[in-house]
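Beneath this line is the structure, given in structure tokens, with notes to follow.
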Amino acid sequence: MAGIKAGKFTLKKKIEKGVDSNGKPPVDSQKINKQNVRLKPAKMKKQRKGIFRLTNILRLFIWVSIFTVFYCPSSNNLLNEDSPKICVAYYKVADFVVPTLQPYFEKFATPYIGPILPYCLMLQRRVITPTMRAGKRYGKPIVTKVQDLGGTYWQKHIHKYAQKYYNVIEEKYQESVSSYVDFAYTTVSPLCHDAERYARTAYSEIIMPNYRVAKPRIIDGYKLASDTVVKTLYPCAKWTFKAGKTFLTRTLGPKLIIIYGESVEPQLKKIGKRLGRYRDHDMNDLAPVLTFCSTTQYPSSETLSPVSKIYLGSSSTLASIHSKSDDPEPTPNSDLDIREKAQQIVTRDLRYWQERFSKAADEAADELEIHINEITSRYISSHAEIIGKKHISELKKTVLHSLESLRTTILSIIQESEDNLDSRDKVVSAVRKTGGTIKEKAQSIRRWKQNYRQQMIQNIRRVTEDTLEILDTIRDAGLQEVGMRWAWTDGITYKDWIKYHAVKSKFAEWRLEIEKIATEHPELGKAEERFKEIEIEALKIAENAAKELALLKEIGIWKLSIKDGSDEFSTAKLPLTDVEDAQRVLGKALDSVTDFSSYFNSILETASPRTPHSEVSPSLNEAKILSHDDKTNKSDTSATSPSVSDIDSQTVTAASSTDNE
């Protein structure tokens with residue numbers, strides 16, 4: 001009872017002190033529910049690392065195996081019963097691995113090992129071998145002595161205890177474990193023998209026969225699949241990818257760019273203009289007018305006549321402007337004072353509005369230059385540099401394809417010819433048809449250039465008109481205000497109105513200067529020059545193509561006359577009786593881009609043959625001379641046109657470089 005009372009008393013004291021029966025402070029459940037209590041994670045007990053863990057045993061086994069391998073005999077033939085068991089496994093693995101890895105070693109490792117191999121041999125000869133000899137001579141007796149001492153100590157002190165514990169373990173094994181091991185062996189051994197027998201039977205009677213039957217078919221199938229993939233599928237896929245890429249970059253891409261630049265982009269710009277996204281038509285353009293009108297200084301009431309005072313007194317606008325001066329000013333007593341004050345008003349108004357309009361004109365000129373720079377840079381970058389180059393590339397490819405097609409057509413006409421006159425007409429007709437295709441493509445570039453040049457000029461003209469319209473608004477507002485004030489001011493004479501009209505004429509001169517800025521802007525000249533360069537380049541290509549067509553016509557008619565069906569269009573073997581006529585025809589130069597059509601037709605119409613053997617053209621060397629002279633501004637007009645091969649190689653190179661860009 002006394003113990004129970006003592007326990008109750010102790011429990012009561014703990015409750016009074018705020019401690020529960022376990023010696024810990026009581027926990028408020030509501031407080032725990034309302035607040036997040038951060039609980040510390042329970043510490044995991046670290047497992048003790050024992051020496052007999054599986055990883056340690058494996059690690060020890062690996063190191064012992066590596067150490068033992070160094071004590072193996074130098075070859076497989078020197079193995080005996082006393083050799084370690086691991087040496088047998090080592091040589092079996094080596095005999096299997098070395099033939100497999102030796103080619104890779106010689107291919108990849110020998111180039112790196114070869115340079116350092118002499119140093120390794122020198123190290124072995126000078127360091128390792130003497131060290132081994134010294135070890136065998138001086139270290140071996142010491143090692144033998146240590147082994148003998150260790151063996152003696154083992155037999156004297158440790159062996160009897162080890163034998164004793166070994167016997168105890170053997171007895172425990174025989175008493176407890178041996179019976180279970182024997183039972184397991186007797187149970188599992190028949191099953192293992194049956195499984196081995198079944199496996200041997202399946203291997204020898206099922207697997208191997210089927211393997212021998214299927215092996216040739218598998219090898220043939222592999223060869224067929226390999227040949228199909230390597231010789232058919234991969235080349236087809238590679239050709240498809242290359243052809244698709246070429247088609248997209250050289251055929252479809254340029255046409256899409258041209259269609260977008262010529263059809264889609266103008267429509268988008270028109271839609272943007274209508275929606276107010278392309279050009280700004282907000283009140284910011286009228287801000288200078290409002291600023292000028294709000295900052296204009298009106299004359300004081302003392303210079304106005306009594307009638308004008310009465311009129312202006314009823315005007316709410318002027319009354320609000322002169323709200324600060326409510327007291328009436330005394331009227332001048334003499335005409336001289338009125339004249340002097342009127343002259344002050346005239347001088348101030350004219351100077352004020354000249355400065356205002358001059359400032360507005362300068363700002364308008366700067367803004368106009370910015371707009372012109374934007375327009376010209378846009379047309380140069382997006383139209384001339386992209387669409388123009390694509391047109392040039394298309395023209396070069398058209399010339400190349402047309403010339404190749406014409407050669408093929410001429411050869412087919414020669415092979416099928418029966419009547420020379422009829423066949424010659426077919427050759428001339430084929431040349432005319434090819435020339436018409438090239439001429440139409442070149443003229444389409446001219447039309448493109450004229451169209452976009454006209455669009456650029458129209459855009460610049462529209463921006464200029466908008467700028468001039470704003471300046472006209474400022475001018476009209478200022479002149480109207482000055483005219484109204486002077487009309488109601490006493491003392492304004494006829495000479496003052498002459499000055500008024502002189503200022504008005506000055507405003508017109510400034511307006512013309514702004515128009516001159518738009519028409520003579522250097523960026524506009526650069527843009528027109530760039531469009532003209534593209535046009536001249538296209539016409540130059542067409543000019544060379546026209547000369548080439550005339551050359552092919554002469555060669556084709558001559559080949560027709562001698563029934564030469566070979567695909568060689570060289571002029572080296574032609575007779576030289578009509579070289580002067582060919583030089584006269586092919587030596588014509590294109591003086592102006594405006595006479596291109598007549599020039600092209602004249603090249604194709606002239607140089608008609610006189611006799612079958614006089615239908616000749618310049619030699620190939622003379623044709624190359626013309627190509628050089630054309631690059632030097634045609635200093636020698638007696639040179640002939642470039643050869644067919646030169647035109648083709650230049651066209652292919654230029655077209656490929658343009659498409660890559």
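Which condition number does His501 fail, the rest of (1) in contact with a strand residue (DSSP E or B) (Cβ under 8 Å, 6 or more places away or on another chain); (2) surrounded by fewer than 18 Cβ atoms within 10 Å (Cβ to Cβ) being met?
Unmet for His501, out of (1) in contact with a strand residue (DSSP E or B) (Cβ under 8 Å, 6 or more places away or on another chain); (2) surrounded by fewer than 18 Cβ atoms within 10 Å (Cβ to Cβ): (1).
Only one of Ile460, Ile386 is aliphatic (A, V, I, L, M), over 17 Å from Asp567 (Cβ atoms) and surrounded by fewer than 18 Cβ atoms within 10 Å (Cβ to Cβ). Can you tell me which?
Ile386
Taking only segment 404-421 into account, find how many residues are part of a helix (DSSP H, G or I) and charged (D, E, K, R).
3
Enumerate the pairs (first residue in segment 518-531 and under 21 Å from Ile386 (Cβ atoms) and free of Cβ contacts under 8 Å to residues at least 12 places away in the same chain; second residue anywhere and hydroxyl-bearing (Ser, Thr, Tyr) and not in a helix (DSSP H, G or I)) with beta-carbon separation below 6 Å, excluding pairs fewer than 6 apart on the same chain, so at least 6 apart or on different chains.
Pairs found: none.
Does Leu191 satisfy the condition of being exposed (fewer than 10 other Cβ atoms within 10 Å of the Cβ), among the hydrophobic types (A, V, I, L, M, F, W, C), over 60 Å from the mean Cα position of the chain (by Cα) and in a helix (DSSP H, G or I)?
Answer is yes for this residue.
A short reminder: the numbers here are calculations on the coordinates, not readings from a lab. All figures in this text were calculated on a predicted structure; none of them were measured in a lab. Please note: Cβ atoms are built from the backbone with ideal geometry, for glycine as well, and neighbour counts cover all protein chains shown.
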